[in-house]
Amino acid sequence: MLKHTLITTFILFILWLLLSGHLEPLLLSLGLLSCLFVAWLSHKLALLNSDFQTLRFNLNLPKFLPWFFIELVKSNLDVSWRILHPTLSIQPNISTVPITKHSEVGKAVYANCITLTPGTYSIDINSAVIEVHSLTKNLAHDLQRGEMSKRILALESTSAKTSKL
Amino acid sequence: MIIIGWILLLLGSAFCLIGTLGLMRFPDFFSRVHAAGIVDSLGAILILLGLITQTQDVLIIIKLLLILLFMMLTGPTAVHALARAALLDAKDKNSNNK
């Protein structure tokens, strides 16, 4: 627990340095004090456990992000094209995608990734499925083919390996 | 570098404009959210990347990247809250009519 509090203080202080850019001793010590205070508060509120899971999770993102960014651009162009097209060819519909294999963090990441790509967003979530509203039938079928689901599962499995090491 | 920045900023503004246009053209609330999503994702990303190219100060670049990160985290949360509220509201109205 003490280790977690110290790591939190360290990360907060780095963030404080990057945001302020001040190097005077007085301001530095005040910054360090406030970081310690916040770390102590989060320790008191028992916020630190879940945070450390996500820190491990982030180490595997470099593989996932480029693919996700390309998907993001593609779906943006698709929806933009539909907006500008005079016939406005959309078939709004609600479908579900299964999330039984994902962990808690994985579910949250999956739902957020669905929402971040325009054309689809998650309305509701429970332990088994995400309810997705999509702008066209094709987008719903793309999601149900499960490419994104697989990639997020891969993120989780590599994070499980590193947590053992 | 400045020219690349201008291109990114103009493209970002164009996507924001398209998103706003979609907000007006789409027929119902749930599809309008998709149009707003364009402003939130590619519009915001391109404008912030464009702004990054306009400065040499590392601290400002870090701040802009942090803004991008927080937008990526808060955007979906807001969309989810809005959509869920709309869905519950629609269910409410249906049950009142019956």
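Just a few scattered comments:
- Test: residue A:145 is within 13 Å of chain B (Cβ to nearest Cβ) and among the basic types (Lys, Arg): no
- Yes/no for residue A:159 being surrounded by 19 or more Cβ atoms within 10 Å (Cβ to Cβ), under 30 Å from residue A:3 (Cα atoms) and modelled with pLDDT under 80: yes
- Take the conditions (1) more than 8 Å from every other protein chain (Cβ to nearest Cβ); (2) of a type outside the set (Asp, Glu); (3) in a helix (DSSP H, G or I); residue B:56 misses just one of them, which is (3).
- Some residue of segment B:67-88 being farther than 23 Å from residue A:131 by Cα, of a type in the set (Val, Ile, Thr) and facing another protein chain (nearest Cβ under 10 Å): no
- Unmet criterion (only one of (1) within 10 Å of another protein chain (Cβ to nearest Cβ); (2) touching an Asp or Glu at 6+ places or on another chain (Cβ under 9 Å); (3) hydrophobic (A, V, I, L, M, F, W, C)) for residue A:108: (2)
- Residue A:79 vs. criteria modelled with pLDDT under 85, surrounded by 13 or more Cβ atoms within 10 Å (Cβ to Cβ), part of a helix (DSSP H, G or I) and not basic (Lys, Arg): no
- Applying the condition of being crowded, with 21+ Cβ neighbours inside 10 Å and in a loop (DSSP other than H, G, I, E, B) to segment A:100-142 and asking which residue is farthest from the chain's Cα centre (by Cα) yields A:135.
The values are calculated or read from the model by the stated rules, or taken from the named source; none is laboratory data. Here the structure is a predicted model, which means the values were calculated and not measured. Heads up, the Cβs are rebuilt from the backbone with ideal geometry, glycines too, and the neighbour counts pull from every protein chain shown.
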